[in-house]
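Read through the structure below, which is laid out as structure tokens, and then see the notes.
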Amino acid sequence: MGSPTLPVDESITAWALAARAGDPVAVERFVGALHRDVVRYVAHLSADPQAADDLAQDTFLRALGSLHRFEGRSSARSWLMAIARRAVIDSFRHAAARPRLYDTEDWRLTVELAQPRGLPGFDDGVALLDLLAALPDERREAFVLTQLMGLPYAEAAEVSDCPVGTVRSRVARARATLVELLAQAENGAAPMAGAEAADGIPAAALAA
């Protein structure tokens, strides 16, 4: 079981390993520690508020069913987020032939409730949600994983199944796009599409 002196991710990984050994208290702590992060991640990734809770439940069912294969070589958080990503991808495949209708306000509320406060440069959480929605999917995912959920770049790369450098580039471009869109919103200008705005940012800004 995790000690209070251990870093949070080490404690969560310890709970996952204990849960694998059949400790019911460890299972409860593991799920409780990461449930909010999973809901936040799948809500951003799928943009479907009606499916967020179901996707989170599916993620934990898959994870608990696969705990016997978890050996603690990576953090339990990054391992679980990779499972969440696969759950979202599978849901897209199953729903590919059907239109997915959802209420925009419900989507905003779902993500807002799961969103941390105090992000530099984004005092208004709802405004940040609007801006995030304008990002291309891959950049939004990289930004959410590293900037909102706090995963190290290496773990975000593991979750996204891409090189670390790609994650860094996506985050840099996402940040530059968000800054540009925020400036446009404050100046009352018509916002540019996420990809268009990113392409218009100087290279120096992307490297910041």
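The values are calculated or read from the model by the stated rules, or taken from the named source; none is laboratory data. Since the structure is predicted, the reported quantities are computational estimates derived from the model, not experimental observations. So basically every Cβ, Gly included, is an ideal-geometry build from the backbone, and we count neighbours across all protein chains shown. For the accessible areas, the whole protein counts, side chains as well, though only heavy atoms, and no ligand, DNA or RNA atoms are used. Shrake-Rupley method; radii C 1.70, N 1.55, O 1.52, S 1.80 Å.
Worth pointing out:
- Residue within the stretch 162-171 that is open to solvent by 70 Å² or more (accessible area, probe 1.4 Å) and at pLDDT 80 or above present: yes
Every residue, every condition in (1) in contact (Cβ under 8 Å) with a residue 60 or more places away in the chain; (2) open to solvent by 50 Å² or more (accessible area, probe 1.4 Å); (3) touching a Leu at 6+ places or on another chain (Cβ under 6 Å), yes or no:
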{"position": "Gly22", "(1), (2), (3)": "no, yes, no"}
{"position": "Gly32", "(1), (2), (3)": "no, yes, no"}
{"position": "Val39", "(1), (2), (3)": "yes, no, no"}
{"position": "Asp54", "(1), (2), (3)": "no, yes, no"}
{"position": "Gln57", "(1), (2), (3)": "no, yes, no"}
{"position": "Phe60", "(1), (2), (3)": "no, no, no"}
{"position": "Leu64", "(1), (2), (3)": "no, yes, no"}
{"position": "Arg69", "(1), (2), (3)": "no, yes, no"}
{"position": "Ser75", "(1), (2), (3)": "yes, no, no"}
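- When restricted to residues that are hydroxyl-bearing (Ser, Thr, Tyr) and either at pLDDT 90 or above or on the phi > 0 side of the Ramachandran plot (or both), the stretch 57-74 contains 2.
- Test: residue in the stretch 128-136 that is at negative phi, open to solvent by 40 Å² or more (accessible area, probe 1.4 Å) and modelled with pLDDT under 85: yes
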